[in-house]
1. Pick out, from region 1-72, the helices (runs of 4 or more DSSP H) lying fully within it that include 2 or more residues that are at pLDDT below 55 and within 30 Å of residue 379 (Cβ to Cβ).
2. What pairs can you find where one residue is in region 224-242 and assigned to a helix (DSSP H, G or I), the other is of a type in the set (Asp, Glu), and their Cβ atoms are less than 9 Å apart, with a gap of 6+ or different chains?
3. Filter region 232-260 for residues that are modelled with pLDDT under 95 and in contact with a Ser or Thr (Cβ under 9 Å, 6 or more places away or on another chain) and give the result.
4. Collect the residues in region 284-305 that are outside any helix (DSSP H, G or I) and either over 14 Å from residue 338 (Cβ atoms) or of a type in the set (Ser, Thr, Tyr) (or both), keeping them in residue-number order.
5. Only residues that are assigned to a loop (DSSP other than H, G, I, E, B) and without any contact (Cβ under 8 Å) to a residue 60 or more places away in the chain: list them for region 329-355, please.
6. Which residue out of 197, 161 is in a helix (DSSP H, G or I) and either free of Cβ contacts under 8 Å to residues at least 12 places away in the same chain or surrounded by 15 or more Cβ atoms within 10 Å (Cβ to Cβ) (or both)?
7. What residue, among those in region 357-371 that are out of contact with any strand residue (DSSP E or B) (no Cβ under 7 Å at 6 or more places or on another chain) and either surrounded by 17 or more Cβ atoms within 10 Å (Cβ to Cβ) or of a type outside the set (Gly, Ala, Ser) (or both), is nearest to residue 87 (Cα to Cα)?
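The values are calculated or read from the model by the stated rules, or taken from the named source; none is laboratory data. Note that the structure is predicted; figures quoted are calculated from it, not measured. Don't worry about glycine lacking a Cβ; one is built from the backbone with ideal geometry, like all the others, and counts go over all protein chains shown.
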Amino acid sequence: MNRRHGRGCIVLKFKATLTTLLILLSTQFATSASADDRQEKWDLAWRTLYEENRPLKAIGDLDSLMKTGWIHTNTFAQFYAFTGNLIETEFLAHAYLAEDIVDPPIELICEAYMRIPATEAIMDVARNAKLVMMNENHYSPLHRAFASQVIGVLRPIGFSLFGAETFSEVVAERSDRLTSPTLDLGVYSAEPMFGDLIRHAIAQGYVLFPYEQTAAQLVDGVDENTRRAVREQSQAANIKRVIDDNADKLVFIYGTHIRKTPGNGSNTMMAYRLQQLTGIEPISIDQTGGTPSSARRYQTPLYRGVERCGKLDYPVALRKRDGTYLARDGYDITIFFPHTNYSIGGRPDWLISIGGRAFLSLRLQPAAQQTLVRIFVRDEADDAVAIDHVLAPPESDRVTVALPKGHYRAVREWPDGTQNDLGELTID
C-alpha cells in the first residue's frame, strides 16, 4: 500500500527551505567552490535523503563531499547524526577545534547552589512566561529527547504553540492535519529523535509553526555579517507575526538563536531582536552549555566547573539562594546533563533515562558492507521519519535498537540505497 502524502507545490516549498539553509551554511564550506556547484551537489543529497528516503546513501554522498573539502566537518556531523552513530558524530562536530586549547573551568562555590531536577526547574521559570525558548546543537539527538520531556511539562501549564527553526513552510500548510512526522517538515527534523519530538508534540495537541527566514526574505549582494543579521531579524519578525495572531496563546520556540543579550551587528541574536519587537522577554533555556562530551576539551568551562561540584546522575539545573538559576550569559537557565554511557550495543544510555525507550537486540545476517537498520512506526506513511536508526558495521550479526512501547516495521538500507524489509517488531 502506498501511504505517501500528496506533495506537489509542498515539495517546492520544502526545497526552498533547503536552498535557504545551503546559503546560510555557506560560511561552513571549506573551499571556495561556486554556488552553482554547491547547489547541484546538495540537490543530489536532498533528493536522496528527503525525496527517496535513503539516508545511508545520502550520508555516503555527503561524506565524499566532506573528504574532498566541499563541506565542513561540523556541517557533515549535523547529517551524520541521522545514522545513530553518535560517538562518530561528536568527533566530526568537534574536529575543527584546536587540540591544545582548553579554557580553564569556571570556579564555583558549590555550596551556593542547589541541584534541581531539570524539568522541575523549567516549570519554575516558565510558569508565568508568555514565551519560552530552548536551544540545541544540530548534531545532538540528546537535546531533542530532552525537548520531548520539556514540551510535556509545558503543555499542562498552557503552552500550545510550538515553533522550530528547522520547520519548513510545509508545516504551516499542514499544521491542522499533521498526524506524524514526515520528511518534508524540515531539514533536521528528518533525524529520528527530532521526528519523535514532533510525534510527542502532535499527540499533546501542540500547533506547529515555522519561523526560519524564508527564501523571500533572503538578500543578495551583501556581506556575510549583513546576511546573518537579516536572518536573525527575519526569524524575529516571523515569530512576532505568530504571537500577534495568537495573543492569548503561550509559545515554545526550539532553535539555536536564543541568547538574549545584544551583540555587535550580526551577533545580536533573534531572541534579543524579538524582545525589542514585541516587548516580551522570553525565558531562554540553554542546553548546549551544559552538555558533556567524551573529550574534556570539548566541554564548556561552565560544565567543567559544575562537574567539580560532584557527579551528575540526571539532568539538573543549579538554583541560587535568590531563586534564580546558574546560566551562561544571555540565558535564564542552563541544563546540565550527565555523561553518556555507550556500553550497551554502542547506544547512549539517555535513550532509556530521558528518551523512555527500551533496548532490544536485533539479529542480522552478516554483510561485508556497512548497513543502516531503520525502524518505523508500523502504521505511519511511507514518507514518515524513522523512529530509530542504527548503523551496523561490516560483519555485524546483531544491532541494538531503542524503542518505546508500540508496533514497528524494520528495514535495512545498503550503501547503494537499496532497502529490504526485516519484518515487524512489537515492544510491550
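1. 9-24
2. From residues that are assigned to a helix (DSSP H, G or I), the pairs are 231/212; 234/212; 235/165; 235/212; 238/212.
3. 255, 256
4. Residues satisfying the conditions are 284, 285, 286, 291, 293, 294, 295, 300.
5. If the condition is that a residue be assigned to a loop (DSSP other than H, G, I, E, B) and without any contact (Cβ under 8 Å) to a residue 60 or more places away in the chain, then 338, 339, 341, 343, 345, 349 are the ones that fit.
6. Answer to the selection: 197.
7. 369
Residues are listed down the side, and each one gets a yes or a no for (1) surrounded by 13 or more Cβ atoms within 10 Å (Cβ to Cβ); (2) out of contact with any Pro (no Cβ under 6 Å at 6 or more places or on another chain); (3) on the phi > 0 side of the Ramachandran plot; (4) not acidic (Asp, Glu):
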site: 324; (1), (2), (3), (4): no, yes, no, yes
site: 345; (1), (2), (3), (4): yes, yes, yes, yes
site: 373; (1), (2), (3), (4): yes, yes, no, yes
site: 421; (1), (2), (3), (4): no, yes, no, no
